[in-house]
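The values are calculated or read from the model by the stated rules, or taken from the named source; none is laboratory data. Given the structure is predicted, the values throughout are model-derived calculations rather than measurements. When we count neighbours, we look across all protein chains shown, and the Cβ atoms used for this are built from the backbone with ideal geometry, even at glycine. Side chains are part of the model used for accessible areas, which takes the heavy atoms of the whole protein and leaves out ligands, DNA and RNA. Shrake-Rupley method; radii C 1.70, N 1.55, O 1.52, S 1.80 Å.
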Amino acid sequence: MIIVVVLLIAYFIEFLKGQRTWQYMVVFSVFVAGPALFCYYFYRKDNEERRLRYLILGGYLVMYAFVLLTGSTTMVFTYILPMLSLIVLYHQPNLVLSMGVITLLANLIYDFNLLRSGKITLENSKDIEIQLALLVLCFGFLYVSTRLYDDIVKKNREYFEALDNKQKQLQRVTLQTITTVANTIDAKDGYTKGHSQRVAEYSALIARLLGYDDTYVQNVKYVALLHDIGKIGVPDSILNKPGRLTDEEFTLMRQHTDIGVNILRDNGIINDLLEGVHYHHERYDGKGYPIGLKGEKIPLIARIIGLTDAYDAMTSNRVYRKRLSDEDVIAEIERCSGTQFDPKIAQVFIQALKNGKVQQLSPDDYVSKDGLESQSAQLLQNILELQNTQNVLKEEKDYLTGVYNRRHGEQKIADYLSKGEGCLMLFDIMNLREVNNKYSFVGGDHLIKAIAEVLENYKKEKLVVCRYDGDEFLCFAANVTDEKRAEELMQSVVETVKRHITDKMEYGQVHICVGGVTSATVGRDYHEMLIAADKALYYMKQMKKDGCYLYRTSDKKVSGEGQLSKEELQLLVNSIQEDGSYEGIYNVDYPEFVKIYDFIKKMTVRNKQDVQMLLLTLEPLEGKKISVAERDEAMYHLQNAINSSLRSIDIMMRFSSTQCLVFLTNLSEENIELVINRIMNSFYRSCDKRNTILTYDVADLKSNKKEA
C-alpha cells in the first residue's frame, strides 16, 4: 500500500504539471490502486489465508507491468525492488525464480522496444546494461538467500512440531494417568461406573450450546473428567453406603473437593482445573460447599459441572432408588433453577433435553474415542484395579467364613432389590452353645465355616450369602417371588445343610431354622424384608427342630397381630415340657404381655420376688428429625440388643413405635444397671445412626430419667 500511495502522489504531481492527462490517471488508478485495494480487502478478511501471498504478488505484477509499459524513465525496473524484500519473507525459492524470469523478460521486451525506436543507442545503452545486470544479480542472490532461509524455516518448523508433539505426548500421559485414577474410583461402585466420563460428555455439550469454541469445550471436558478425583481419599464404606449418610460421614464426603485440589495443585496443563474440581458442589443460592460461593462468583466451569453431575446422578440407578424418568428429571432441574443451578445454564440444558440433543449414556456406553489409551496407562489402570479389588475383597469378606460380612452383604442384597425381586432368608444355628461346650470354640468355628461353605456353593440357586451374626446367616435368592417356590428353596437349603452336618460332622443335636420372606409379600425395601424374615425365624425357632417358615402378612402367627393362638400356646407347653426353657427371652406383643405379666406378678407376690419394669425409649437428637425408615431401623437394632442382653426368664414387648417395655424379676439395683449398660452398648455397636439417643426409666427403683 505504501508503494501505491507513493506512486499516486508522484503521478498526481505530474498530472498537475500537465505531464499526465486525467484519462491516464483513471487508467493508472485502475491498474495500480485497483489491485492494491483488492489485496487489502482479502487481507482484512483473513490475514492468515495462505493464498494471500499470491494475490499480493499478482497485484504487484499488474502494477509493475503498467508502470513499465507507460513509464518515461529507464529506471522503472527499480519499482521491482520493494517487491523483492516482500518475496523473501515467503521463503519459496520457486516463486522467486518464476518472478525473476517474468521480470527479466518484461524488461527485455521493454528495452527492445526502446532500442527499435532509436531511443537507446550504443552510446547511451549503459543504463540498460546496468538495469539488466542488477535484475539478474538481485533475483540470483534472492534465490540463493531464499533457499537458505527456506531450509532454516523448515528445520525450525520441524523442531517446533517435534516440541509440540512432545508436549502433547506429555499432556496425554499426564491426562491418562489422572484419568486412570478417576476411572478406578468410578469403578469402586457399579452405580458410579463411567460417571466421570458421562459428566465430561454432558459438560462439553453444554459448553458447546453456550457458544464456546472447540478449545474451551475440550478443556471443559478434561476438567469434568477429573472433577471427582478427590474421592480417592474418601473411605469405600462411605462411597458405597446404600443408605443415607450420617452427618459425620457427609462431612468426610465433602472433603473430596479439597483433596482433589491438593492432588492436582501442581498440574498446569489444563486451564480452570482447580476451579472445576474445587467448586463443582457450590450452589447458585450460596448454600453449597466447600466455601458457600453464590451466583456468578462460582466459576462458570464449576456451574456447568455442578448441573451435569446432578443430572447423571438423577439418570443413574442407585442402591436406594431407581433412576428418575425424563419428565421428573426436567421437572427437578426446573425446580432447582436459580437455587442449586445457574438459571441460564439450566435453561439451555432443559431446552437441549426437550429437543433430544442430549444423548443419555449408560455405564457401558463410554469407550475412549480419542485414541489416547497407551500401554503404560492401561498397565497402571490394571495395577490400580487389581489392588483395589484385593482391598475390597479384604474389606467385604468375613474373616472366619469367607462369605460377605454383614455390611457388604446387606449392601449387595439392597443392590439386587433396587433392580428386581427376590427372596430373603435368615438362617440360625440352634444349640451352638452346646457344640462349643462339647467340642470347644474350634469345633463351633468349624461348624460355622462348613455351613457357610454349603450356602455359598448351593447349586440349585445362586445365593448371596453373608454372615449376619455369630450364629446367623443372611441369604438372598434373586427373582424368587412365588411363595411355593420360596418354601421349596428354603426347605431344600435346610436339608442340604443338615445332610452335610449329619454325614460329615456328627453334630446331630444342631438344628437349622430359617425364616424367609419374598419381596412380593412386603415390598422391595431391604429393612422391611429383614424385619419380616426375623419374625418368621423367631416363630420357627420355638419349634426347636430343623425347618423353615415363610412370612405372610395374612398370617397372624408372625404378623404381630391378634392374640396368642392355640398353636402358639401348645408350642409353649411343649417347650416347657421338653426342657423347662424357652428359646431366648419372651418377645411378645401387648395382649400376651398383659396376660403373662399378670400371671408372673401373682407368682412373684406369692414367692416374695421383686418385679421391675424397664422402659427404653428412642428419641431424636435436639434439632434433628428422623424418618419412619430410620426410626424402624433403630427399633430393630434396639430389639436385637434387648434379645441378646437379657435372661431367658425376662419378658420384652414393643410398647410403641419408639419404645420397648421389659419385665425383670428378682434383680438387684446393681444388676439392673449392668443389664441397662449391656443393652446400651449392644445398641450403639449395631446401630450406626447418630441422630437418635436411647433413654430409659426403671419403675419404682429410679424415678429420674437417665440419658445415654
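Post the alpha-carbon centroid distance, the stretch 324-345 to the stretch 101-161, in whole angstrom.
72 Å
What FRET efficiency, computed as 1/(1 + (r/R0)^6) with R0 = 60 Å and r the Cβ-Cβ distance, is obtained for Lys460 and Leu163, rounded to the nearest 0.05?
Values: r = 66 Å, r/R0 = 1.10.
E(calc), rounded to 0.05, equals 0.35.
Based on the mean of other beta carbon atoms within 10 Å per residue, what is the order of 470-477, 336-343, 211-218, most packed first?
On the way: 470-477: 22.4, 336-343: 17.8, 211-218: 13.0.
Result, highest mean Cβ count within 10 Å first: 470-477, 336-343, 211-218.
Between their Cα atoms, which of Lys322/Lys357; Lys498/Lys541; Lys166/Lys231 are more than 19 Å away from each other?
Long pairs (Cα-Cα over 19 Å): Lys322/Lys357; Lys166/Lys231.
Determine the shape class of the stretch 206-360: with a ≥ b ≥ c the square roots of the Cα gyration tensor eigenvalues, call it rounded for a/c under 1.5, and otherwise prolate if a/b is greater than b/c, oblate otherwise.
Details: a/c = 1.59, a/b = 1.09, b/c = 1.45.
In terms of gyration-tensor shape, oblate.
Among 326-334, 478-486, what's the highest-first ranking by average C-beta atoms within 10 angstrom per residue? Please report the intermediate quantities before stating the final value.
Values: 326-334: 14.8, 478-486: 16.4.
The most tightly packed comes first, giving 478-486, 326-334.
Treat each spin label as a single point 7 Å out from the Cα along the C-beta direction, and report the Glu334 to Asn156 distance in nm.
Output for this residue pair reads 6.0 nm.
Go through 163-169, 296-302 and give me the packing order, highest mean Cβ count within 10 Å leading.
Working: 163-169: 10.3, 296-302: 18.6.
Answer by packing, highest mean first, reads 296-302, 163-169.
Using modelled amide H (1.01 Å from N, peptide plane; none on Pro or chain starts), what sits under 5 Å from the amide H of Asn317, excluding residues fewer than 5 places away?
Arg323
Pop out the ³J(HN,Hα) list for the stretch 639-647 in order, Karplus 6.51 cos²θ - 1.76 cosθ + 1.60 with θ = phi - 60°, rounded to Hz; leave Gly and Pro as x.
For the stretch 639-647, the Karplus-derived couplings read 4, 4, 5, 5, 4, 7, 10, 9, 7 Hz, x marking Gly and Pro.
So how exposed is Leu105, as accessible area in Å² (1.4 Å probe, rounded to 10)?
100 Å²
Could you state how much accessible area Met540 has, in square angstrom rounded to the nearest 10, with a 1.4 Å probe and all protein chains kept in place?
In the full protein context, Met540 sits at about 10 Å².
What is the set of long-range amide H partners of Val403 at a cut-off below 5 Å, with H atoms built 1.01 Å from backbone N?
Asp398
Add +1 for every Lys or Arg and -1 for every Asp or Glu among the other residues with Cβ under 11 Å from the Cβ of Asp482, and state the total. Before the final figure, lay out each step's value.
Working: positive: Lys484, Arg485; negative: Glu421, Glu483, Glu487, Glu488.
Computed value for this residue: -2.
Rounded to the nearest 0.05, what FRET efficiency do Tyr684 and Asn355 have when you use their Cβ-Cβ distance and R0 = 56 Å?
Values: r = 54 Å, r/R0 = 0.96.
Taking R0 as 56 Å, the efficiency between Tyr684 and Asn355 is 0.55.
Which whole-Hz couplings ³J(HN,Hα) result when phi for each residue of the stretch 296-301 is put into the Karplus expression 6.51 cos²θ - 1.76 cosθ + 1.60, θ = phi - 60°, listed in order with x for Gly and Pro?
The phi angles translate into 7, 5, 6, x, 3, 5 Hz.
In nm, give the distance between the simple-model label positions of Ile693 and Val144, each being 7 Å from the Cα along the Cα-to-Cβ direction.
Label at Ile693, label at Val144, 9.9 nm between them.
Using R₀ = 60 Å, calculate the FRET efficiency as 1/(1 + (r/R₀)^6) where r is the Cβ-Cβ separation of Tyr41 and Lys287; round to 0.05.
Working: r = 56 Å, r/R0 = 0.93.
Efficiency at R0 = 60 Å is approximately 0.60.
Give me, ordered by chain and number, the residues 5 or more places off Tyr468 or on other chains with an amide H under 5 Å from its own placed amide H.
Sorted by chain and number, the residues that satisfy this are Phe473, Leu474.
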